[in-house]
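Structure first, then comments.
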Amino acid sequence: AIENTRLLKTYADIDQRVSQLGYMIKHLAKSCDIGDASRGTLSSYAYIIMVIHFLQQIKPSVLPVLQQLSDNQTTKDSMYKKCSKWNVYFYENLHEINNLWKNENKLSVGKLWIEFL
């Protein structure tokens, strides 16, 4: 859970539209009463993951896939961070991220919202 929280915060730190869209989807889910996993709907976390996936897949992307990004091109072994039995690696050096990935998406948060829906 701690690594998931750190990952979500890192995505939010990359682009402010992540937080804005996250708030919008949480508000929509609450308003439509579809944000309670204990009652058979998706959890708010699941909706946030859907937003992140959308922002990674739209062309041009708003977010990189941090689990696949590395500044060490010599070995994939450097992309491993173990927590229990799971690999929880993700790239988190935001000072260097612009050297590996460029955010070229200039769509407004409103246009992204409509595309997401």
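To the nearest ten degrees, helix 2-14 and the longest principal axis of the Cα atoms of the chain are 90 degrees apart.
The modelled label-to-label distance between Phe116 and Asn4, using points 7 Å beyond Cα along the C-beta direction, is 1.8 nm. Counting only DSSP H runs of at least 4 residues, each contributing -39500 (n - 2.57), and dividing by the residue count of the chain, the helix-based mean residue ellipticity at 222 nm comes to -14000 deg cm²/dmol. Once the Cα atoms are used to define both axes, helix 44-57 deviates from the longest principal axis of the chain by about 60 degrees.
Among the listed values (1) 1.92; (2) 1.15; (3) 1.71, the one computed from these coordinates for Cα Rg over 2.2 N^0.38 Å is (2). Across Lys85, Lys106, Lys26, mean-square fluctuation computed from a Gaussian network of the chain (C-alpha pairs under 10 Å connected) peaks at Lys85.
Rounded to the nearest Hz, the phi-derived 3J(HN,Hα) couplings of region 89-94 under the Karplus curve 6.51 cos²θ - 1.76 cosθ + 1.60 (θ = phi - 60°) are 4, 8, 6, 10, 7, 5, where x marks glycine and proline.
Read-outs throughout are calculated quantities, based only on the coordinates presented, and are distinct from any laboratory measurement. Since this is a predicted model, take the numbers as computed values, not measurements. When we count neighbours, we look across all protein chains shown, and the Cβ atoms used for this are built from the backbone with ideal geometry, even at glycine.
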